[in-house]
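The values are calculated or read from the model by the stated rules, or taken from the named source; none is laboratory data. Quantities reported herein were computed from a predicted structural model and do not represent experimental measurements. Here the Cβ positions follow ideal geometry from the backbone for every residue, glycine too, while neighbour counts run over all protein chains shown. With ligands, DNA and RNA removed, areas are computed over all heavy atoms of the protein, side chains included. Shrake-Rupley method; radii C 1.70, N 1.55, O 1.52, S 1.80 Å.
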Amino acid sequence: MSLDKEKIKHVAKLARISVDEAKVDTLTKDLNSIFKFIEQLNELNTDKVEPLTSILNQSLRSRKDEISDGKIREKILKNSPKKSEEFFIVPKVVE
Amino acid sequence: MSDITNQSLSEILENVKSKKISSLELTQAYIKNIENAKKLNAFITTTFDQALENAKKFDNKPNELLLHGIPLAVKDLFCTENIKTTAGSKILNNFIPSYESTVTKNLWNCGAFLLGKLNCDEFAMGSSNETSFFGNVINPVGDQLVPGGSSGGSSSALAANLTPATIGTDTGGSIRQPASFTGTVGLKPTYGLCSRWGIVAFASSLDQAGPMTKTVSDCAIMLEAMSGFDEKDSTSINKKKETYSKNLKDNIKGLKIGIPKEYRVDNMPKEIDELWEKGKKILKNLGVQLIDISLPHTKYALPTYYIVAPAEASSNLARYDGVRYGHRSQKGKDLIEMYENTRSEGFGDEVKRRILIGTYVLSSGYYDAYYLKAQKVRQLIKKDFDDNFTKVDAILTPSTPSSAFKIGEKKNDPVSMYLNDIFTVPVNLAGLPALSLPAGIDKQGHPLGLQLIGKALDEQKILNIGYAFEKNCCYKNEIKKWWS
């Protein structure tokens, strides 16, 4: 399997990262060498193996669905690059 | 008193407890060292004023806490309340958390206080600290040498006496490899022993915080202080807190230690092999029984890791969108373009590479071929360890396939950089604890480490073996100060 430039641009679109045209060639080369390395896994037959979904020997705890904090709007908004009153401001989405 | 900062944490604690030195004098000594070590670039942020205030406060209090009056610098991946936390990334360059990570809070509750935030690879993705937005960190072992990564600021600061002990995080070797490169002790605890709450996430099923120290006793003290159940982390293990430092003992006679044949890899320098032999001999003389074992899927650990870790990273890093916190691009005509430009400007090349790998292996049509396949192989890797831990108490391997390399040497070849973690990654995939111990030097005089892998939650045993090893290793890490 090899990744071409178009495929990489598509994946970058999915990941919401704009890729600099000048860097696409290097990126293609690097990603292909990484995938060549990753694909060693195809040597292994894993048909009868259960996928490992948790390394803990315990099931995830459940907790009561109740509010444990709150009234921290100021704190939450504090780091926002752009805000107005109690809102995060983003570029216009709907005309 | 001779230079206090040369001492181990245990010795410093004794001196503070017996009032031979005050916390204020101690803090001042570290501040002086840090100011003289700017060349190493180990710090992203320093909190000197706050540290001096804290030191004075502790000097007036009765000394009854485990880390009473000890200043500590920590990796800049731990969120610290009202102190900038960057994860080594431009995208978090202006992020000031309104909360404290559980692990650092545990340290502060034990009487320690913050001295500063340490440089690291961006989002902990790297093995040389060269991916940090804040520049390379220098290994005090030698100018132009990398300190390892991703906890490179931590290993450099510790080895250069800029902090008496420190903490890092380890997703694929990020504590143990830098410890090995700087001749220090590093422990990656069992997955779930230390809370992940408030640590900037990289790969959530692998990330684990742990101590980096000068000695094994120090390591036991730090682990005791930082570990413990936390209901804010859904994968935190709910068990009684252990007193690792009190229970430390050097009688390891009769223990069985496995030697896995798969860790003798092609092109491994002879010196690493010799170091491993030396380690075996020391343990044998201590009455340990060495047993040859096989971990047949070892070679597949790195390829598995480079599917699992980027997949989890691509999900975790989706939160950096320029809306709620962090860098936001000024370019772009709509919301989508704002996202794309923000992430393109905010992330460095290695982080972008891993997000793209992760996005691809999770994307429609490729999930089974990559991600599901990796989860299955991860099962086989874990089973290798499970099978062997019915026969042995611990496993001894080298920590890394080489000593510290030069800055720039591996930067343009991602796969050769990844190979650095070949001995450390399997442990993260299996969720096990592992300790890297300084064990010798190569012919260039660069430190080399050996790794002890334990059963899940068996930290005490590997600490005991390390403690006995350290006493009998007759290797002392001596770094000449050239940077100030």
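In table form, for the structure just shown:
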read-out: Complete set of residues in the range B:90-117 that are over 25 Å from B:MET226 (Cα atoms) and open to solvent by 20 Å² or more (accessible area, probe 1.4 Å); value: B:LYS90, B:ASN93, B:ASN94
read-out: Qualifying residue in the range A:65-77 (condition: closer than 24 Å to B:SER344 by Cα, open to solvent by less than 90 Å² (accessible area, probe 1.4 Å) and part of a helix (DSSP H, G or I)); value: yes
read-out: The range A:83-95, subset at pLDDT 90 or above and facing another protein chain (nearest Cβ under 7 Å), residue surrounded by the most Cβ atoms within 10 Å (Cβ to Cβ); value: A:VAL90
read-out: Condition broken by B:ILE357, with the remaining ones in (1) within 9 Å of chain A (Cβ to nearest Cβ); (2) surrounded by 23 or more Cβ atoms within 10 Å (Cβ to Cβ); (3) closer than 27 Å to B:ILE395 by Cβ; (4) in contact with a Ser or Thr (Cβ under 8 Å, 6 or more places away or on another chain) satisfied; value: (3)
read-out: Pairs with Cβ under 9 Å, 6+ apart, first in the range B:362-374 and more than 7 Å from chain A (Cβ to nearest Cβ), second small (Gly, Ala, Ser) and open to solvent by 40 Å² or more (accessible area, probe 1.4 Å); value: B:LEU362/B:SER315
read-out: When residues of the range B:375-398 are limited to those that are open to solvent by 50 Å² or more (accessible area, probe 1.4 Å) and more than 8 Å from chain A (Cβ to nearest Cβ), the one nearest to A:THR53 (Cα to Cα); value: B:LYS383
read-out: Some residue of the range B:72-79 being surrounded by 21 or more Cβ atoms within 10 Å (Cβ to Cβ), in contact (Cβ under 8 Å) with a residue 24 or more places away in the chain and closer than 18 Å to B:GLU14 by Cα; value: yes
read-out: B:SER416 small (Gly, Ala, Ser), in a helix (DSSP H, G or I), over 30 Å from A:GLU50 (Cβ atoms) and at pLDDT below 95; value: yes
read-out: B:LYS39 vs. criteria within 30 Å of B:LYS352 (Cα to Cα), open to solvent by 50 Å² or more (accessible area, probe 1.4 Å) and part of a helix (DSSP H, G or I); value: yes
read-out: Some residue of the range A:19-26 being more than 8 Å from chain B (Cβ to nearest Cβ), surrounded by 14 or more Cβ atoms within 10 Å (Cβ to Cβ), in contact with a helix residue (DSSP H, G or I) (Cβ under 7 Å, 6 or more places away or on another chain) and over 27 Å from B:LYS232 (Cα atoms); value: yes
read-out: Residues satisfying the stated conditions in the range B:118-169, i.e. surrounded by fewer than 24 Cβ atoms within 10 Å (Cβ to Cβ) and outside any loop (DSSP other than H, G, I, E, B); value: B:LEU145
read-out: Filtered residues of the range A:28-56 (kept if surrounded by 15 or more Cβ atoms within 10 Å (Cβ to Cβ), part of a helix (DSSP H, G or I) and facing chain B (nearest Cβ under 7 Å)); value: A:ASP30, A:LEU31, A:ILE34, A:PHE37, A:ILE38, A:LEU41
